[in-house]
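Take a look at the structure below.
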Amino acid sequence: MYPAYKGDSVILSSIKEGRNQGYPNELFDLLVIADKLKPETLDDLRALGAKVVEVTFENSTKSKSLNAGLASLEDGIYDYAIIMDIDNVMHPEFLENLNHGLADNPLIAQAHRVAKNMDTDMAILDAVSEEINNSIFRKAHTQVGLSSALIGSGIAMQYAPFKNLMSEIQAIGGFDKEMEVRLLKAQKHIDYIEYALVYDEKVQDAEIFENQRKRWLSAQFHYLRSSFFDSLKALIFKGNIDYFNKVFQFLLLPRVLLLGLTLMAGGIALILTLIYGMKAGLSNEFITLNVRGLISLPLFVLFSLYLATPKYLRKRRTLVALRQIPLTFWVLFRTLFRLKGANKKFIHTPHSEKK
């Protein structure tokens, strides 16, 4: 299922690539929910063998498009629905690997999203960020028995439960977060299929990055406010660790902000420790111990992020891309003060045709 808002050339490219699967063509359908696509694009999509559902909304959202797409389909035909973004390209063995990962019929599973493009510093940092999330919030979580985090696309869910769940979701932004909250509250487990690869376009400039993160942060804080005490109650009275763990994650700042603020706070605390420690007549040993602790904290954060970064991204080009971190920090810091109302309107992220 491809909810497609504009982006005519991008969706055509994605559907063309989607027909290159090693999986039998008669065993899957590609459905495009077309919102504001050109008539000639619709004709081309049908010529490629895609099912097309045309929709028009006064206020477009991904959840509205998905519900419209589901309403157009006959029940009882499909085993699973797979959510894709307009720019997503499936690895040629994606459906075959996904099918293998779904052998035990899990309710829902998140596939492994990787970067489709790494042509700018910002795109490389975005790719690193997503792989760190894959390492920590997906692979590591499932290794210890917790649920994988969802990411908005590359999601496979049993068709009938998915249709029922989506009928309850009217989110403007962050529909995947609402899916997580609802599923984990109901004590449903989310699997992660690491070897089922979906290529996702990474943001290429600061303006697109800011709009995307504004949408994500706004949704994150919205569900933190609405679910925190409920998840705490579920933890205490029902032992629902998964639900509380997910909502607790909404407290976490983006890692560039986390790293930057840790460095700033550590630097300020270091200066104050040296100045006031000497004035107060504290021993050199005590001051040295505190200084070591303040220096080790940001280093520990950096080392943790390094461990979570896969080997293929530990290269010289990634080091060069780190020069964009100050700009990224500033954009994210500024975004924190521009979130008002962001979760009440549709924020479109433009895409380019990347292969």
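Of the residues making up the stretch 308-323, those that are closer than 20 Å to residue 137 by Cα, in a loop (DSSP other than H, G, I, E, B) and out of contact with any Asp or Glu (no Cβ under 8 Å at 6 or more places or on another chain) number 1.
The number of residues in the stretch 91-119 being touching a helix residue (DSSP H, G or I) at 6+ places or on another chain (Cβ under 8 Å), assigned to a loop (DSSP other than H, G, I, E, B) and polar (S, T, N, Q) comes to 1.
Quick check, is residue 277 modelled with pLDDT under 80, crowded, with 17+ Cβ neighbours inside 10 Å and not hydroxyl-bearing (Ser, Thr, Tyr)? Full working, then the answer.
Details: modelled with pLDDT under 80: yes; crowded, with 17+ Cβ neighbours inside 10 Å: yes; not hydroxyl-bearing (Ser, Thr, Tyr): yes.
Answer is yes for this residue.
Can you work out which of the residues in the stretch 49-90 that are touching a residue at least 60 places away in the same chain (Cβ under 8 Å) and assigned to a strand (DSSP E or B) is surrounded by the fewest Cβ atoms within 10 Å (Cβ to Cβ)? The residue in question is 80.
Before we move on, is residue 129 of a type outside the set (D, E, K, R) and either within 23 Å of residue 78 (Cβ to Cβ) or not in a helix (DSSP H, G or I) (or both)?
No; evaluated as a whole, the condition is false for this residue.
Filtered by the rule that a residue be surrounded by 23 or more Cβ atoms within 10 Å (Cβ to Cβ), under 14 Å from residue 1 (Cβ atoms) and of a type in the set (Gly, Ala, Ser), the stretch 144-167 gives 154, 156.
Scanning for something among the basic types (Lys, Arg), closer than 22 Å to residue 148 by Cβ, modelled with pLDDT under 95 and in a helix (DSSP H, G or I), does the stretch 219-242 turn up at least one residue?
Pass one, the stretch 219-242, residues among the basic types (Lys, Arg): 225, 233, 238.
If we keep only those that are closer than 22 Å to residue 148 by Cβ too, we end up with 238.
In the following step, the residues that additionally are modelled with pLDDT under 95 were identified as none.
Among the residues of the stretch 219-242, not one is among the basic types (Lys, Arg), closer than 22 Å to residue 148 by Cβ, modelled with pLDDT under 95 and in a helix (DSSP H, G or I), which makes the answer no.
Among residues of the stretch 168-203 being at pLDDT 95 or above and among the small types (Gly, Ala, Ser), the one that is surrounded by the fewest Cβ atoms within 10 Å (Cβ to Cβ) is 186. Taking every residue in the stretch 135-154 that is β-branched (Val, Ile, Thr) and pairing it with any residue that is assigned to a helix (DSSP H, G or I), at least 6 positions away or on another chain, the pairs with Cβ-Cβ distances below 6 Å are 136/308. Looking across the stretch 253-299, the residues that are within 30 Å of residue 122 (Cα to Cα) and not in a helix (DSSP H, G or I) come down to 253, 254. Which residues, taken from the stretch 150-183, are part of a loop (DSSP other than H, G, I, E, B) and touching a strand residue (DSSP E or B) at 6+ places or on another chain (Cβ under 7 Å)? Across the stretch 150-183, the qualifying residues are 150, 151, 153, 154. Here residue 198 clears all of (1) within 29 Å of residue 239 (Cβ to Cβ); (2) of a type outside the set (D, E, K, R); (3) not in a helix (DSSP H, G or I) except the condition numbered (1).
Before we move on, is residue 243 over 21 Å from residue 140 (Cα atoms) and surrounded by 19 or more Cβ atoms within 10 Å (Cβ to Cβ)? In short, no. The lone criterion from (1) within 26 Å of residue 195 (Cα to Cα); (2) buried (at least 22 other Cβ atoms within 10 Å of the Cβ) left unmet by residue 97 is number (2).
Exactly one residue out of 307, 257, 289, 253 is more than 21 Å from the chain's Cα centre (by Cα) and of a type outside the set (Asp, Glu), and it is 289.
The values are calculated or read from the model by the stated rules, or taken from the named source; none is laboratory data. It should be emphasised that the depicted structure is a prediction, and the values quoted were computed from it without experimental measurement. With ideal geometry, Cβ positions are generated from the backbone for all residues, glycine too; neighbour counts draw on all protein chains shown.
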